[in-house]
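Structure record follows, encoded as C-alpha cells.
Each reported figure results from applying straightforward, stated rules to the coordinates on display, with no laboratory input. Because the structure is predicted, anything quoted here is derived from the model rather than measured. Here Cβ is always computed from backbone atoms with ideal geometry, including for glycine, and neighbour counts include all displayed protein chains.
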Amino acid sequence: MNSREKANQAAAILRNEVFEETIKNLKEDLIAQWTNAVESSERELCWLKLNALNSILEDLEATIYNDKIENN
C-alpha cells in the first residue's frame, strides 16, 4: 500500500462518525475515572490510556501529513 492509500484510509478513519464518537466517549470516561480515582495507580493507568489514545490519533494524523509532504 502506498502513502496515498494509507493517508486516505487514515483520513477515512478520523472522519468516521462512529470512530469520532467512540474516541470522544473514551476520553470523557478516562478523564472522569482519572478525576474520581482514589489510588495514584488508578490515576496513572488512566493517564497512560489517555496518552495511548492520543498517540493513535497523532499517528493517523501524521500519516495524512506525511503524504501531503511527499506528494507536494
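For the chain, what is the mean residue ellipticity at 222 nm derived from helices alone (per DSSP H run of n ≥ 4: -39500 (n - 2.57); sum divided by total residues; nearest 500 deg cm²/dmol)?
So the calculated ellipticity at 222 nm is -31000 deg cm²/dmol.
Need one word for the stretch 8-72: rounded, prolate or oblate. Basis is the Cα gyration tensor (sqrt eigenvalues a ≥ b ≥ c); a/c below 1.5 gives rounded, then a/b vs b/c decides.
Judged from the Cα gyration tensor, the stretch 8-72 comes out oblate (a/c at least 1.5, b/c at or above a/b).
What's the FRET efficiency of LYS49 with GLU70 using the Cβ-Cβ distance as r and R₀ = 35 Å, to the nearest 0.05?
For R0 = 35 Å, the calculated efficiency reads 0.65.
Just add up the charged neighbours of ASN51: K/R +1, D/E -1, any other residue whose Cβ is under 14 Å from the Cβ of ASN51.
With Lys, Arg at +1 and Asp, Glu at -1, the net is 0.
Mind checking which lysines have their C-alpha under 22 Å from LYS27, skipping anything on the same chain fewer than 8 residues away?
Reachable lysines: LYS49.
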